[in-house]
1. Could you tell me what a quarter of the Cα convex hull surface of the chain works out to, in nm² with one decimal place?
2. Which ordering of MET39, MET1 is given by a fewest-first count of other beta-carbon atoms within 10 Å?
3. Normalised by the number of residues in region 2-93, what is the relative contact order in percent for Cα pairs under 8 Å and 6+ residues apart?
4. Can you put PHE33, PHE65 in order of Cβ neighbours within 10 angstrom, beginning with the fewest?
5. Could you line up GLU87, GLU2 from fewest to most neighbouring Cβ atoms inside 10 Å?
6. PHE33: net charge of surrounding residues, Cβ under 12 Å, Lys/Arg +1, Asp/Glu -1, itself excluded?
Amino acid sequence: MEKYKGQITTSVVTFIELALLAKRYNLDVVRIFTSVMAMCNFEDDKPLKAAIYIRDYGLGVFDAFHAAYCEGRIISSDSAYDRVGIERIKLEES
C-alpha cells in the first residue's frame, strides 16, 4: 500500500459491492467504508451516508444508496425512506 499511496482510487460501485458483502457476512459497513475512503482519499461522503442508513436504519443496500444520492427527496412507493427523513413523493397517491 505504501508503494501506491496517493494513487489508489475506487468508485461507488465498489462501495455497493462491499455493502452487499457486509450484509451477507454481518460486518460493520460503516467501518469498512471509512477504511476504504481513507485508503483511496475518497471525498464524496454519500457512500458513508448510505452505510449509516444500512447499519442504523436497516435499509437494504440499494435503498440506502438511493437515499444517500437523492439529495433529500425521492419519488417512491417504498416507505423505508420515511424512516430516514427523506422527503418522499408517494407513488401510491398518484
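1. Numbers: hull surface 25.6 nm².
If you wrap the Cα atoms of the chain in a convex hull and average its projections, you get 6.4 nm².
2. On the way: MET39 14, MET1 6.
With the fewest neighbours first, MET39, MET1 line up as MET1, MET39.
3. Once divided by the residue count of region 2-93, the mean separation gives 21 percent.
4. Values: PHE33 25, PHE65 22.
Lowest to highest Cβ neighbour count: PHE65, PHE33.
5. Working: GLU87 11, GLU2 4.
Fewest-to-most Cβ neighbours within 10 Å comes out as GLU2, GLU87.
6. On the way: positive: ARG31, LYS46, LYS49, ARG55; negative: GLU17, ASP28, ASP44, ASP45.
Neighbour charge sum, excluding PHE33 itself: 0.
No lab work stands behind these numbers, since they all come straight from the coordinates. What you see is a predicted model, and the numbers here were worked out from it, not measured in a lab. Using ideal geometry, Cβ is built from the backbone for each residue, glycine included, and neighbour counts are taken over all protein chains shown.
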